[in-house]
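Below you'll find the structure, written out as structure tokens, and then a few comments.
What follows is calculated from the coordinates using simple rules that are stated; it is not laboratory data. On a predicted model such as this, the values are computed, not experimentally measured, just so you know. Ideal geometry is used to build each Cβ from the backbone, glycine not excepted, and the neighbour counts take in all protein chains shown.
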Amino acid sequence: MIRPKLFAAFALLTLSGYAAADLSPEQAERAVETRQSVLHLMGWNMAPLGAMARGRMDFDAERVETNAGRLLALSRMLSDAFAADTRANDVSTEALDAIWEQPEAFASKIEATIEASNRLLTVAGTADEGAMREAIGNLGSTCGSCHDDFRVDD
Ligand code: HEC
């Protein structure tokens with residue numbers, strides 16, 4: 001009974017270690033699609049919050065809380081979503097090579113977004129508009145800060 005377990009362990013190791021190995025074109029495309037999907041959903045959840053903070057939409061504390069919780073979950077997916085190093089592949093992406101060249105700096109940008117989502121989730125529960133506006137602004141700046149260093153300029 002040890003063998004199947006060992007095999008499973010090795011299969012997992014191979015899967016989680018694939019970042020270091022070459023990716024097939026299909027694997028690379030899937031990796032790009034996955035990370036862009038996570039970020040697309042982050043944008044979708046952030047959009048109404050930005051509109052509320054800018055006064056273009058009425059504040060809705062419940063919506064803020066829901067979306068902050070989703071953004072927290074999504075931001076926690078970022079490190080896994082970017083684990084596959086697609087530098088060597090011909091893929092359509094806005095991800096800069098710096099992501100895999102400076103993994104610690106990239107990880108700290110992710111950490112900042114996780115923390116800011118968490119802070120927003122905390123103040124959303126208090127329904128304090130000023131605090132929510134500030135926390136949304138802080139969260140938005142953590143998105144922008146990573147885009148500045150690690151995403152192709154639009
Ligand atoms: C740790 C870095 C990092 C953080 C934090 C981050 N992003 Fe991004 N984002 C990227 C990178 C890199 C891309 C380009 C990905 C690609 O094209 O493969 C991207 C792409 C996007 C896209 C385009 C997705 C698509 O459809 O191709 C949106 C929308 C987006 N980010 C929104 C956000 C929002 C909103 C936040 C904060 C709540 C955020 N991002 C936080 C790095 C980050």
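Details
- Note on V64, V38, V123: ascending count of other Cβ atoms within 10 Å places them as V38, V123, V64, the fewest first.
- Ordered by the number of other Cβ atoms lying within 10 Å of each residue's own Cβ, fewest first, E134, E26 fall into the sequence E26, E134.
- Pairwise label distance in nanometres, A51 with E94, each label 7 Å out on the Cα-Cβ vector: 2.0
- Cα-based Rg and Dmax for segment 25-154, where Dmax is the largest Cα-Cα distance (Å): 15.4, 49
- Crossing angle, helix 25-53 versus the chain [Cα axis fit, 0-90 degrees, rounded to tens]: 10
- The modelled label-to-label distance for the pair S79/A107, using points 7 Å beyond Cα in the direction of Cβ, is 0.6 nm.
- Ellipticity estimate at 222 nm from DSSP helix runs (n ≥ 4, -39,500 (n - 2.57)) divided over the chain, nearest 500: -24000 deg cm²/dmol
- In this rough spin-label picture, where each label sits 7 Å from Cα along the Cβ direction, the H147-E134 distance is 2.4 nm.
- Net charge of neighbours whose Cβ lies under 14 Å from the Cβ of M52, counting Lys and Arg as +1 and Asp and Glu as -1: -3
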